[in-house]
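See structure below.
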Amino acid sequence: MKKLLNTLYVTTQGTYLAKEGECIVVRVGDEVRLRVPVHSLGGVVCFGQVSCSPFLMGFAAERGLGFSFLTEHGRFLARVQGPVSGNVLLRREQYRRADSPEASAEVARSIVSAKVVNARGVLQRAMRDHGDKVDGAALEAEVLHLRDCLMRLQQPAGLDAVRGIEGEAAKGYFSVFDNLILTREAAFRFEGRSRRPPLDRVNCLLSFIYTLLGHDVRSALEGVGLDSAVGFLHRDRPGRHGLALDVMEEFRAVVADRLALSLINLGKLKKSDFEIQETGAVRMTDDARKALLVAYQKRKQDEIVHPFLNERIPLGLVFHVQAMLMARWLRGDLDGYPPFVWK
């Protein structure tokens, strides 16, 4: 399982990846920058003008190692994956449950409940650790609002109602998110979520980390034989990986948002680490992306006690544990899907 923690991120433009024995060789021009044994990796993510030899991709596919290709700024382009593992009966059951409004609403309610609990936990932690630096009244009001959303999710509800509560909770959470940014630098003010393209530095940072998180969650789901495109909360749409987006909801606040806040509040990212385009879109510099990738990989090494397994494991393995729990629920080994709740 330890290899699942390790993702090779390639950001240097003009890099060429090739196979050499059982290793991936990373070349820039005539220089060999790195050799990595394939058996030690859980995935490879290539940003921008990075090319790979057909022999390497074929070899990686045989070993179950997926390659994801993104633009230089993190927009997903394509993924190369070998034969899908797992029992076809598992995927057929996934499709049956996804086609059932009742079953979809039940698992969506569990996932959104975990998302709300985790978001509330991030706000409560900020109040506890930085009470003298944040607007305690605003955060306390939102904590109470999220508790109300959670109470409504305890009652049976249809899929549309669950989505409505999820949207309401997310709007409330992001309405006070600026209070969690302790630096008073105007460059890092947050006035609300903006996507495709992100229109400020905080949104740019969040979107990039969400992309990394999506890659890891999707790889975990496909690794146990599930179809990452067929979700319960997020319905089918061409090109959208609904199940990966579903499971991501459990991790957005505790993995992505907390990492973004740490990088800003500890001064590891500066105003100069971002570039504003003529269109108003904000992009990270090459050095900033590399620093973020290192921080994200390090964050995945942090150990936590899994709330369902009650075992201490690295955070990066939690994605794979949740994928296995989803598969166990679909097989009938569990009465329900136990989402990840951060403690």
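Counting only strands (runs of 3 or more DSSP E) that fall entirely inside region 241-343 and contain at least 1 residues that are closer than 24 Å to F47 by Cα, open to solvent by 40 Å² or more (accessible area, probe 1.4 Å) and touching a Pro at 6+ places or on another chain (Cβ under 9 Å), the qualifying elements are 282-284.
Name the single residue, out of those in region 138-179 being among the acidic types (D, E) and within 26 Å of N203 (Cα to Cα), that is surrounded by the fewest Cβ atoms within 10 Å (Cβ to Cβ). Checking each candidate, the answer is E140. Look at (1) within 25 Å of the chain's Cα centre (by Cα); (2) open to solvent by 30 Å² or more (accessible area, probe 1.4 Å) and you find that S113 fails only one, number (2). When the test is whether a residue is touching a residue at least 60 places away in the same chain (Cβ under 8 Å) and touching a Gly at 6+ places or on another chain (Cβ under 8 Å), E166 does not pass it. Would you be able to say whether some residue in region 239-249 is out of contact with any Phe, Trp or Tyr (no Cβ under 7 Å at 6 or more places or on another chain), of a type outside the set (A, V, I, L, M, F, W, C) and under 25 Å from E303 (Cβ atoms)? There is at least one residue in region 239-249 that is out of contact with any Phe, Trp or Tyr (no Cβ under 7 Å at 6 or more places or on another chain), of a type outside the set (A, V, I, L, M, F, W, C) and under 25 Å from E303 (Cβ atoms).
In region 179-192, the residues that are modelled with pLDDT under 80 form Cβ pairs under 7 Å with partners that are surrounded by 13 or more Cβ atoms within 10 Å (Cβ to Cβ), at six or more places apart or across chains, as follows: G192/F174. For region 283-305, does any single residue satisfy the condition of being touching an Asp or Glu at 6+ places or on another chain (Cβ under 6 Å), of a type in the set (D, E, K, R) and within 20 Å of R201 (Cβ to Cβ)? There is at least one residue in region 283-305 that is touching an Asp or Glu at 6+ places or on another chain (Cβ under 6 Å), of a type in the set (D, E, K, R) and within 20 Å of R201 (Cβ to Cβ).
The values are calculated or read from the model by the stated rules, or taken from the named source; none is laboratory data. Worth saying up front: this structure is predicted, and the values here are computed from it rather than measured. Backbone-built Cβ (ideal geometry, glycine too); neighbour counts: all protein chains shown. Just the protein is used for accessible areas: all its heavy atoms, side chains included, with ligands, DNA and RNA removed. Shrake-Rupley method; radii C 1.70, N 1.55, O 1.52, S 1.80 Å.
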